[in-house]
Amino acid sequence: MRRGEVRIPLQMAVAAIKILNKKEYFEQIPKHYTDLVRIYDDFP
């Protein structure tokens with residue numbers, strides 16, 4: 001992350017959710033972002 005950045009990258013947030021095993025947090029992410037995550041996960 002660059003200095004002064006407020007937002008965290010989506011992949012970093014998803015990785016943290018998976019590590020913490022908090023699927024309910026994933027459900028709070030807006031659908032258009034979760035769709036992107038699924039596309040990244042399915043990409044070889």
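The values are calculated or read from the model by the stated rules, or taken from the named source; none is laboratory data. Only a predicted model underlies this, so the values are computations on that prediction, with no experimental measurement involved. Quick reminder, even Gly has a Cβ in these numbers, built from the backbone with ideal geometry, and neighbours come from all protein chains shown.
Evaluate the range 26-38: report whether one residue or more is at pLDDT below 85, aliphatic (A, V, I, L, M) and either outside any loop (DSSP other than H, G, I, E, B) or at positive phi (or both). The answer is yes, given that some residue of the range 26-38 is at pLDDT below 85, aliphatic (A, V, I, L, M) and either outside any loop (DSSP other than H, G, I, E, B) or at positive phi (or both).
Applying a threshold of 8 Å to beta carbon distances and a minimum spacing of six or more residues, or different chains, the list of pairs starting in the range 30-42 at a residue that is within 13 Å of MET12 (Cα to Cα) and of a type in the set (A, V, I, L, M, F, W, C) and ending at one that is outside any helix (DSSP H, G or I) and modelled with pLDDT of 80 or more reads VAL37/ILE29.
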